[in-house]
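Scroll down for the structure; my scribbles are underneath it.
Any read-out appearing in this document is the output of simple, stated calculations on the displayed coordinates, not a laboratory observation. Keep in mind it's a predicted model, so treat the numbers as computed, not measured. Note that each Cβ is placed from the backbone with ideal geometry, even for glycine, and that neighbours are counted across all protein chains shown.
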Amino acid sequence: MSRAEPDFTIGIEEEYLLVDRESLALARAPDAMMQACAATLKGQFSPEFLECQIEIGTKVCAGVSEARDELKYLRSTVARIAAEHGLAPIAASCHPFSDWRDQHHTKKDRYNELHDDLAGVVQRLLICGCHVHVGIADKAMRIDLVNQLKYFLPHLLALSCSSPFWQGRDTGLSCYRLSVFDNLP
């Protein structure tokens with residue numbers, strides 16, 4: 001007897017750093033680019049904490065293939081609009097050579113509060129992430145899956161640990177991260 005797959009929904013958010021297409025240095029998103037992305041992507045695009053960061057987010061999707069299609073559209077749209085402004089979005093945990101001291105936070109109430117409350121901690125927050133949200137209606141199934149997920153937490157931590165490079169320096173994690181990927185099935 002085959003077992004039915006569980007019902008779930010999925011939504012994905014991705015944060016990108018914007019770089020100059022020539023120098024690859026971090027770049028502030030021009031207002032015209034932000035307005036074009038916001039108008040085209042209608043609620044699926046927003047600025048992030050730093051002026052060199054942007055975020056996209058899928059709608060709530062019924063499955064992985066729908067989420068993949070959404071991401072393709074969002075990524076290609078942002079890349080096309082950014083290129084019109086001499087920029088490119090990169091999906092990286094952090095920029096390999098830029099200095100956090102040269103970056104400025106986006107002027108937005110929430111970000112102004114973070115900047116004021118967390119001061120030096122948040123000012124060095126030159127990082128981007130990918131957030132995968134999975135909605136599971138069945139409470140017992142949610143608990144069971146989270147309990148099974150505990151086994152994979154060390155693997156997920158290794159994959160999400162600090163960047164192999166920080167401000168142009170090798171952090172010592174580049175070899176470790178590669179070895180983690182080599183051992184995946």
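Below are the figures for this structure:
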item	result
FRET E, pair Y73, A25, Förster distance 30 Å, beta-carbon r, rounded to 0.05	0.60
Proxy reagent accessibility, fewest Cβ within 10 Å first, across E48, E13	E13, E48
Net charge dipole size for region 9-135 [Lys, Arg +1 and Asp, Glu -1 on Cβ; Debye, nearest 20]	260
Relative exposure of Y151, Y73, Y16, judged by other C-beta atoms within 10 Å (fewest first)	Y151, Y73, Y16
Charge sum, other residues only, whose C-beta stays under 12 Å from L126's C-beta, Lys/Arg counted +1 and Asp/Glu -1	-3
Computed magnitude of the charge dipole of region 1-75 (debye, nearest 20; Cβ of K, R +1, Cβ of D, E -1)	220
Hull shadow area, averaged, region 9-135 [alpha-carbon convex hull, nm²]	8.0
Virtual spin-label span in nm between R169 and A92, 7 Å along Cα→Cβ	1.7
Segment D116-L159, length gained on full extension (0.36 nm per residue, minus Cα span)	12.4 nm
For region 27-98 and region 126-159, distance of Cα centres in Å	24
Fully extended contour minus Cα-Cα distance, from K108 to D7, at 0.36 nm per residue	32.6 nm
Cα pair distances in region 41-100, grouped into 5 Å bins until the bin that holds the longest one, percent each	4, 15, 24, 25, 17, 9, 4, 1
